[in-house]
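Structure first, commentary second.
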Amino acid sequence: MATFKEFRNNVKPNWCPGCGDFSVQAAIQRAAANIGLEPEQLAVISGIGCSGRISGYINAYGLHGIHGRALPIAQGVKLANRELTVIASGGDGDGFAIGMGHTVHAIRRNLDITYIVMDNQIYGLTKGQTSPRSAEGFKTKSTPEGSIENTLSPLEIALSAGATFVAQSFSSDLKQLTSLIEAGLKHKGFSLINVFSPCVTFNKVNTYDWFKENIVNLDQFPDYDPSNRIAAMNKIMETNGMLTGLIYQDKERKPYEDLVVGFKPEALAKQDLTLSREDFDKLLAEFK
Ligand SMILES: Cc1ncc(C[n+]2csc(CCOP(=O)(O)OP(=O)(O)O)c2C)c(N)n1
Ligand code: SF4
């Protein structure tokens with residue numbers, strides 16, 4: 001059985017020292033090992049951003065895709081090979097700005113994928129612009145007078161879109177994060193795990209200390225029932241989206257793959273996808 005170290009390749013991450021994304025990577029490795037996966041049973045598909053680099057650092061199948069498009073690729077991978085455990089990952093800009101259309105539809109489609117968002121509430125890779133997750137008044141180069149837009153609440157959106165698994169964690173809480181990723185990987189359906197993952201270089205507001213002061217851990221509410229969707233929505237609103245833990249899980253709804261009629265992944269795998277030069281030219285001509 002693979003250990004968590006065997007899910008690490010020899011590429012040195014070029015994240016800034018202290019970036020929250022290091023712990024997210026560690027948690028993915030630990031969760032994969034804890035549930036008994038081998039590297040060849042896992043695929044990590046990421047978008048573009050500092051966080052998007054994660055697929056390059058994990059010893060598994062991987063694809064560093066394009067901005068906001070981790071989910072369409074991950075869904076294709078899962079449909080083509082249901083045996084694979086598929087993780088999609090990226091930043092809040094990737095998933096909740098340019099990729100938001102894909103996020104909402106992937107949630108309601110409910111393929112068996114675990115989507116891990118590294119939410120640093122800023123665009124890190126492009127050197128610090130305001131993201132849809134930034135608070136009103138947030139000052140960056142793109143909003144020098146402070147953001148005048150409302151902050152997007154991905155947890156509320158996920159619940160309204162019919163999510164079957166919604167969780168939130170903090171990259172400093174490796175234990176909670178690992179156990180939520182494990183639960184997401186085991187969940188039969190789409191799991192959204194939003195992770196507060198501080199950008200120590202460009203976000204000087206939402207720091208590790210700021211998150212520690214503002215996070216509300218669901219462990220404080222022993223009677224909380226994650227199968228109750230209305231209670232989940234209420235708790236998200238009451239805590240202004242700052243809650244961490246398993247927020248909602250619907251164990252009854254079947255994943256898309258189990259519902260789609262007539263889909264045969266074996267037939268897809270056997271399909272000859274080679275294209276002759278002549279057929280390729282014909283195809284091109286159709287678009288001229
Ligand atoms: C189509 C397209 N538009 C814009 C960009 C430029 N771009 C690259 S990463 C990024 C945002 C990064 O922020 P986020 O997704 O939150 O990830 P982080 O770097 O903070 O981890 C942008 C706007 C791009 N690569 N492709
Ligand atoms: S710029 Fe921010 S998000 Fe990017 S690696 Fe550095 S700390 Fe992490």
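For a straight C-alpha distance cut-off of 15 angstrom, the aspartates and glutamates reachable from LYS12 (same-chain residues fewer than eight places away being disregarded) are ASP21. Would you mind calculating the gained length between PHE221 and ASN9 on full extension (0.36 nm times residue separation, minus the Cα-Cα distance), in nm to one decimal? Taking 0.36 nm per residue and subtracting the Cα distance, the gain is 72.4 nm. Residue exposure proxy: ARG109, ARG133, ordered by other Cβ atoms within 10 angstrom of their Cβ from fewest to most, comes out as ARG109, ARG133. For a modelled paramagnetic label at LYS264, 7 Å from Cα along Cα-to-Cβ, the residues of segment 60-87 in reach, with backbone nitrogen under 18 Å, are 79-83. Residues of the chain were split at every exposed loop site, defined as chymotrypsin sites (Phe, Trp or Tyr not before Pro) in a DSSP loop with at most 14 other C-beta atoms within 10 angstrom, and the longest piece left, sites excluded, is 1-262.
Compared with the direct C-alpha span, the chain from LYS212 to THR151 gains 20.0 nm at full extension, assuming 0.36 nm per residue. Residue-wise HN-Hα couplings along segment 65-81, as the Karplus relation 6.51 cos²θ - 1.76 cosθ + 1.60 with θ = phi - 60° gives them from phi, are x, 10, 4, x, 10, 4, 5, x, 5, 4, 5, x, 4, 5, 5, 6, 9 Hz; Gly and Pro carry x.
Can you say what percent of the DSSP beta bridges in segment 4-285, counting only those with both residues inside, are antiparallel? Round to 5.
Values: 6 of 34 bridges.
Just about 20 percent of them are antiparallel.
Applying 1/(1 + (r/R0)^6) with R0 = 25 Å to the Cβ-Cβ distance of LYS254 and ALA231 gives a FRET efficiency near 0.60. Would you look at the GNM of the chain, springs on alpha carbons closer than 10 Å, and say which of VAL195, VAL261, VAL24 moves the most? Of VAL195, VAL261, VAL24, the Gaussian network model singles out VAL261 as fluctuating most. If you average the C-alpha positions of segment 149-189 and of segment 78-126 separately, how far apart do those two centres end up, in angstrom? Taking the Cα centre of each part, segment 149-189 and segment 78-126 sit 11 Å apart.
Each part gets one Cα centre, and for segment 1-41 versus segment 229-263 those centres are 26 Å apart.
Ignoring lysines fewer than eight residues from LYS254 along the same chain, the ones with Cα atoms less than 30 angstrom from its Cα are LYS78, LYS175, LYS186, LYS188, LYS235, LYS264, LYS270.
The numbers here are math on the coordinates, done by the rules we state, and not lab data. The model shown is predicted, which means the values in this text are computed figures rather than measured ones. A quick note on method: Cβ atoms are made from the backbone with ideal geometry, for glycine too, and the neighbour counts reach across all protein chains shown.
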